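As structure tokens, the structure follows; a few thoughts come after it.
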Amino acid sequence: MKKVLMTLVTAVAAFLMVGVAAVKPAQASKPHYIIATDATYAPFDFQDKNNQYVGIDQDILATIAKREGFTYELKPMSFNAATQAVASSQADGVIAGMSITDARKQVFDFSTPYYRSGIGWATAKNSKIKSLSDLKGKTVALKTGTAGAQYAESIQSKYGFKITYFSDSDTSYRDVINGNTVATFGDLPVLQYAVKNGTELKVQNPKDPFNAGDYGFAVKKGSNAALLAAFDKGFAAIKKDGTYDKIVNKYLDAKASTFTGSAADNNSVTGILRSNSSAFWHGLKETLYLTIVGIILATLWGLLLGVMGVSKSKFLRGLSTTIIYIFRGMPMMVLAFFIYIGLPSVVGTKIPAFTAGVLTLILNEGAYTGAFVRGGFNSVDNGQMEAARSLGLSHGKAMRKVIIPQGLKLMIPSFINQFIITLKDTSILSAIGILELTQTGTLIVTRNSQGFRVWAIIAMIYLIVITLLTWLSNWVEKRTQA
Ligand code: ASN
């Protein structure tokens with residue numbers, strides 16, 4: 001038991017150390033930053049056909065970084081998670097078409113304003129809704145945590161509409177087009193760009209945005225002053241030498257397909273697969289990596305919880321029950337946000353997204369594993385323990401030699417089940433910016449609007465991997481039972 005505990009603690013400690021080391025700069029000479037972004041926000045932040053991050057924001061940032069001599073790693077996530085990542089010091093800065101507002105100035109320090117924006121609202125192309133008062137009793141689609149959502153919330157009671165929230169703009173546009181909701185509120189330049197490039201919406205206030213304001217690059221209030229200063233310095237320079245205008249015109253003058261590829265290239269399943277093969281491959285590798293590390297560590301942790309749950313000590317049994325109760329009862333997404341966004345401000349150090357993701361898997365999947373491991377041991381017939389004890393074996397020895405081997409055999413189907421669940425649950429970790437298979441799908445759909453085909457491909461990839469995992473588990477099961 002002690003040995004198991006030691007191995008487990010060492011494994012988790014080693015994993016955390018590797019994880020924390022991973023946030024250290026790759027090159028000691030240049031400052032290195034983690035920048036969060038909302039990569040579903042064309043023409044400001046999106047992925048091109050080569051899966052490179054492009055857009056007005058991204059080109060500005062890349063040009064400034066080169067000029068000012070810093071490097072950075074981008075973390076694509078929902079806008080809401082991106083701002084929270086900066087507020088909790090998990091990321092050093094955020095660039096995401098972020099409106100500078102008084103409320104946000106309480107939490108963030110903003111760069112020089114770099115783009116004029118404001119809130120627009122849009123309906124389906126042929127909608128009968130023409131004015132805000134037509135929204136009475138209807139539902140609008142908003143993107144969580146955005147200035148557009150805040151504006152809509154502020155007029156909600158006046159116009160009497162209901163709200164549905166989404167985490168990216170494209171999904172809220174689709175929801176309006178599909179007729180589930182009747183309108184959406186968002187940044188005017190972003191809505192107009194989408195409409196210009198074929199999104200079937202009608203912008204209702206193209207000439208006079210609500211709450212006109214500016215975008216800024218943001219860091220957490222009072223921190224990363226050097227990064228902010230470098231951004232401002234670089235921005236002044238590219239504004240002066242014309243690079244800024246060139247970047248803006250590059251995106252506003254050209255059609256989106258110049259960057260994202262034309263629908264014709266992408267329309268077929270094989271076309272989508274071919275043009276995104278490296279992205280799918282990268283996403284799959286990340287999913288597999290999370291799954292493998294998650295399964296191994298969650299199984300060890302679950303076994304320990306299970307063994308504790310049947311130990312002689314009342315304290316250990318109580319501890320196991322409490323841990324299982326807490327982590328089985330907590331939605332995985334809440335746990336992921338708690339570890340990734342909440343914990344760093346308490347422990348005072350960054351927790352890389354991958355480490356936070358694996359910790360989430362260990363705690364959540366480990367709790368389920370602990371519960372069935374405890375149940376498995378308990379279901380070994382009582383007579384077995386009695387017989388072993390009457391033969392003179394100590395409680396510990398009887399557990400190790402008699403109960404555990406029999407219990408483990410009973411648990412094999414539950415283990416296989418849990419492995420499959422772990423693989424599927426990795427998709428939830430897309431919410432904290434891990435670019436695994438599901439997040440990869442989101443970015444591709446934003447670019448090519450081929451939701452049906454892209455999600456079908458992603459679903460197939462999961463199914464194939466799950467089939468392989470099931471085969472492997474069954475093979476192991478057969479060998480262990482032989
Ligand atoms: N424009 C949004 C805001 O400032 C940001 C976004 O949706 N990426 O709230």
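Could you list all residues from segment 171-199 that are among the charged types (D, E, K, R) and more than 11 Å from the ligand (Cβ to nearest atom)?
Within segment 171-199, ARG174, ASP175, LYS196 meet the criteria.
Could you list, in sequence order, the residues of segment 70-109 that are charged (D, E, K, R) and within 11 Å of the ligand (Cβ to nearest atom)?
ARG104
What about ALA367, is it modelled with pLDDT of 95 or more and farther than 30 Å from GLN52 by Cβ?
Spelling it out, ALA367 is indeed modelled with pLDDT of 95 or more and farther than 30 Å from GLN52 by Cβ.
If you check GLY222, GLY213, which single one turns out to be more than 25 Å from the chain's Cα centre (by Cα), of a type outside the set (D, E, K, R) and within 16 Å of the ligand (Cβ to nearest atom)?
GLY213
Here are some residues: ILE412, ILE457, ILE461, ILE432. Which one is in contact with an Asp or Glu (Cβ under 7 Å, 6 or more places away or on another chain) and among the aliphatic types (A, V, I, L, M)?
That would be ILE412, the only listed residue that is in contact with an Asp or Glu (Cβ under 7 Å, 6 or more places away or on another chain) and among the aliphatic types (A, V, I, L, M).
Restricting to segment 212-240, count the residues that are surrounded by fewer than 19 Cβ atoms within 10 Å (Cβ to Cβ), touching a helix residue (DSSP H, G or I) at 6+ places or on another chain (Cβ under 7 Å) and of a type in the set (A, V, I, L, M, F, W, C).
Residues in segment 212-240 being surrounded by fewer than 19 Cβ atoms within 10 Å (Cβ to Cβ), touching a helix residue (DSSP H, G or I) at 6+ places or on another chain (Cβ under 7 Å) and of a type in the set (A, V, I, L, M, F, W, C): 1 in total.
Contact list please: Cβ distance under 7 Å, first residue in segment 39-54 and touching a residue at least 60 places away in the same chain (Cβ under 8 Å) and closer than 15 Å to SER117 by Cα, second residue in a strand (DSSP E or B) and of a type outside the set (Asp, Glu), pairs at least six apart or on different chains.
From segment 39-54, no pairs qualify.
Please go through segment 380-397 and give me each residue that is surrounded by 13 or more Cβ atoms within 10 Å (Cβ to Cβ) and either in contact (Cβ under 8 Å) with a residue 24 or more places away in the chain or under 41 Å from the mean Cα position of the chain (by Cα) (or both), ordered by number.
VAL380, HIS395
Each row is one residue, and each column tells you yes or no for (1) over 28 Å from the mean Cα position of the chain (by Cα); (2) touching a residue at least 60 places away in the same chain (Cβ under 8 Å); (3) in the same structural domain as ALA431 (by TED's automatic domain parsing); (4) under 20 Å from THR40 (Cα atoms).
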residue: THR171; (1), (2), (3), (4): no, no, no, yes
residue: GLY179; (1), (2), (3), (4): no, no, no, no
residue: VAL182; (1), (2), (3), (4): no, no, no, no
residue: GLN192; (1), (2), (3), (4): no, yes, no, yes
residue: ASN197; (1), (2), (3), (4): no, yes, no, yes
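Looking only at segment 308-327, count how many residues are exposed (fewer than 15 other Cβ atoms within 10 Å of the Cβ) and part of a helix (DSSP H, G or I).
Summing the residues that are exposed (fewer than 15 other Cβ atoms within 10 Å of the Cβ) and part of a helix (DSSP H, G or I) in segment 308-327 gives 6.
For the structure I just gave you, tell me whether ALA65 is modelled with pLDDT under 95 and either of a type outside the set (Phe, Trp, Tyr) or under 22 Å from PHE235 (Cα atoms) (or both).
no
With GLN406, GLN450 as the choices, which residue is more than 26 Å from the chain's Cα centre (by Cα) and not β-branched (Val, Ile, Thr)?
It is GLN406.
Please find, within segment 130-152, the residue that is nearest to ILE163 (Cα to Cα) out of those that are surrounded by 17 or more Cβ atoms within 10 Å (Cβ to Cβ) and away from the ligand (no atom under 16 Å from the Cβ).
LEU135
Among the listed residues LYS202, LYS207, LYS250, LYS246, which satisfies the condition of being assigned to a loop (DSSP other than H, G, I, E, B), more than 16 Å from the ligand (Cβ to nearest atom) and within 23 Å of PRO43 (Cβ to Cβ)?
After applying the criteria, what remains is LYS207.
The values are calculated or read from the model by the stated rules, or taken from the named source; none is laboratory data. Predicted model only: the values in this text are computed from it and were never measured. Counting neighbours? That spans all protein chains shown, and the Cβs are built from the backbone with ideal geometry, glycine included.
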